[in-house]
Amino acid sequence: MFRSFFLYLSASSRTRKTLMALPFARRVARRFVAGETLDDAIGVVRRLNEKGILVTLDHLGENVHTEADTLRAVQDYLELLDRIASTGVKANVSLKLTQLGLDIAEELCIANMRRILERAQQHGNFVRIDMEGSPYTERTLRIFRTLRGEYGFKNVGVVIQAYLYRSEQDMRELASEGANVRLCKGAYMEPPDIAFPRKADVDRNYVKLMQIFLDEPARARGAYVALATHDEKMIVAAQEFAAKQNIPRGQIEFQMLYGVRPERQEQLAAEGYRMRVYVPYGSEWYPYFMRRLAERPANVWFLLRYLFA
């Protein structure tokens, strides 16, 4: 009920228009969003890097409807990649395919992705394709494989969501292909015929999918998994499995969201794990912010304390 309410609000254009006009909403969102400008984002990256934490930067935006909008998004990412290179900060980038024209035409989306990946390649950088709701899963994986297979880009990764039933088969196939995957639980509202409705089942599946990629045969094929979770049980499960597999801490990557469990982020980095924080920025912060409220009740209590302090 709680999660459904905030996921509904994330897609409500009326609520979006109202909240984005309120100054306090922008201030509260700054807990989870670096700011609205690239300068804001680079400042946050520097502060995290000083603590031994890596970053993936996301210029917020999704579901654009014109080719001109996609070209503006491409330009934003080219500028972002150039700025990462010129400043020397330790960061790669994440993006959504609907931001690059997936709702318009796959060919347009692929062409836009090629421009971004070519620039990233020039700078020795990496691009992660975020996963969106289940209607986009198959198309996202198809484009990811086209970019890797047909066009030969090795500096691209994708995301798999553990709450989908199909994800075990997807992970097994991606492991055999030596893919680079971020594994998360999933942040969209999905029907029970395609996704586990119970948290315990999602958790169980997350551990299974993590082990598929951390197992020695997958690693021997070059498969790499970044474990995106704030759940301490999932973190411990990964640490214990990695220890049994004799995987050095520096080869295990945890990922968390900016503004969520910052002390734990610093602790994992200090313990020698690769710790990467997902740092979003930009003016289109509303859907992202609402999905963060949906994920954890603690985030809502933070909002309420701010409102009534």
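The values are calculated or read from the model by the stated rules, or taken from the named source; none is laboratory data. Note that the coordinates shown come from a computational prediction; the quantities given were computed from them, not determined experimentally. All Cβ positions, even for glycine, are placed from backbone atoms using ideal geometry, and neighbour counts span all protein chains on display.
The table that follows gives values for the structure above.
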{"quantity": "Cβ-Cβ under 8 Å pairs, at least 6 apart or on other chains, the stretch 67-94 side assigned to a loop (DSSP other than H, G, I, E, B), far side surrounded by 13 or more Cβ atoms within 10 Å (Cβ to Cβ) and among the basic types (K, R)", "calculated": "V89/R46"}
{"quantity": "Residues that are more than 17 Å from N155 (Cα to Cα) and under 18 Å from the mean Cα position of the chain (by Cα), drawn from the stretch 90-130", "calculated": "T98, Q99, L100, L102"}
{"quantity": "Test: residue in the stretch 110-117 that is outside any helix (DSSP H, G or I), over 17 Å from V279 (Cβ atoms) and modelled with pLDDT of 95 or more", "calculated": "no"}
{"quantity": "Residue in the stretch 158-177 that is closer than 23 Å to I42 by Cα, touching a Gly at 6+ places or on another chain (Cβ under 6 Å) and touching a residue at least 40 places away in the same chain (Cβ under 8 Å) present", "calculated": "no"}
{"quantity": "Long-range neighbours under 9 Å by Cβ, at least six apart or interchain, first residue of a type in the set (S, T, Y) within the stretch 214-237, second in a loop (DSSP other than H, G, I, E, B)", "calculated": "Y224/G178; Y224/A179; T229/K185"}
{"quantity": "Boolean, R119 is in contact with a Leu (Cβ under 6 Å, 6 or more places away or on another chain), among the charged types (D, E, K, R) and either in contact (Cβ under 8 Å) with a residue 40 or more places away in the chain or under 19 Å from P280 (Cα atoms) (or both)", "calculated": "yes"}
{"quantity": "Residue count, the stretch 37-63 (criterion: β-branched (V, I, T) and in contact with a Leu (Cβ under 8 Å, 6 or more places away or on another chain))", "calculated": "2"}
{"quantity": "Among the candidates R145, R172, residue that is at pLDDT 95 or above, within 22 Å of E253 (Cα to Cα) and not in a strand (DSSP E or B)", "calculated": "R172"}
